[in-house]
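Since every read-out is calculated from the coordinates, none of them should be taken as a lab result. From a predicted model like this one, the values you see are computed outputs, not experimental measurements. Cβ placement follows ideal geometry from the backbone for every residue including glycine, while neighbour counts extend to all protein chains displayed.
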Amino acid sequence: MSFSGWAAAARRPRIEDGIRQCVMVALCLIALFPIYFMLVSAFKSGVGYAQSPLGLPHPITLQNFAKVLGQSSFPRWVFNSAVLTVTSVAVALIVASPAAYAFARLIFPGRDLAFRLVSTLMAVPVIAVLIPLFVFMVNVHLVNTYPAAIVVYAGFLIPYKIFFLTAFFRQLPTPILEAAVLDGCGTLALLRRMIIPLSRPAFIVMAVVSSIWVWNELLIALVLLQSDASRTLMVGLTLFQDEFRVDVPVTMAGLAISVIPIILVYLVGVRYFTAGFLGGAMQGE
């Protein structure tokens, strides 16, 4: 190969890498634009937003946040969302952990078929079962109560957690678990003392991802929690937006406040994402 041909071949990967980087930067900017719009709008007055919807706030005002926090129902909405998020995620993890352990480590008739059936439940959309769930909750008098939403949220979370935890449990080092069994650990003791501690990154990853979904979920909460005392923050913000439908800055201020808990949860658990995935890869080698 001539020098010119070698140089052209060397430049080609660089050009492709440059194009790839430009595409990634463009996608990141598109993904971050809604956050930018939310933040700059939250600090604008109504007049400032009408004059420049996409520009930086000038002057900066905190009146929109004062309007949101001044709503009497706002603290109740935050409390409801927190209770439903923590409880639903905890119930789903408690149910999914032994099920995933059974699929990953035990041998019983129909195991693979049962696992496939559980996995297919991940493809069931919320809208497909929402009406039957609502009718059932009405018949058992659970509408506008915590148990109604917790059961539904946990029910949708459990298949995902079983699928993810089963894959992680299968990658745990078998010699350590066999040594624990030889030392007298029963099934429940093995799960509680060995598997759960070794799978801590996986549990934290699932807790963070599930918390984000439950906190931001709207459709289930809108149907099952209709009273003002039981509404979640997302449902409250939809009504809040209707109340201030011509005041976009106030709505954006409410959304900005609502993402603060999610950001905190993500920052606490983000280091476990890498630890969980790297740990699984190393165990699988």
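Of the helices (runs of 4 or more DSSP H) lying entirely inside segment 57-167, those carrying at least 3 residues that are of a type in the set (F, W, Y) are 74-105.
Annotation note: Cβ proximity below 7 Å between a residue of segment 62-89 that is in contact (Cβ under 8 Å) with a residue 60 or more places away in the chain and a residue that is surrounded by fewer than 17 Cβ atoms within 10 Å (Cβ to Cβ) and assigned to a loop (DSSP other than H, G, I, E, B) (sequence gap 6+ or interchain) occurs for S73/D228; R76/A229.
Conditions tested, residue by residue: (1) surrounded by fewer than 20 Cβ atoms within 10 Å (Cβ to Cβ); (2) touching a helix residue (DSSP H, G or I) at 6+ places or on another chain (Cβ under 7 Å); (3) of a type outside the set (G, A, S); (4) closer than 27 Å to L172 by Cα.
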| position | (1), (2), (3), (4) |
| --- | --- |
| G186 | yes, no, no, yes |
| W215 | no, yes, yes, no |
| L218 | yes, yes, yes, no |
| A221 | no, yes, no, no |
| L225 | no, yes, yes, no |
| S230 | no, yes, no, no |
| L233 | no, yes, yes, no |
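Just one residue in the set F108, F103 is of a type in the set (F, W, Y) and free of Cβ contacts under 8 Å to residues at least 40 places away in the same chain; that residue is F108.
Could we say that A104 is touching a Lys or Arg at 6+ places or on another chain (Cβ under 6 Å), more than 23 Å from W215 (Cβ to Cβ) and crowded, with 16+ Cβ neighbours inside 10 Å here?
Yes.
Residues that are on the phi > 0 side of the Ramachandran plot and in contact (Cβ under 8 Å) with a residue 12 or more places away in the chain within segment 144-195 comprise just one, N144. Residue count for segment 207-234 satisfying the condition of being in contact (Cβ under 8 Å) with a residue 40 or more places away in the chain and assigned to a loop (DSSP other than H, G, I, E, B): 9.
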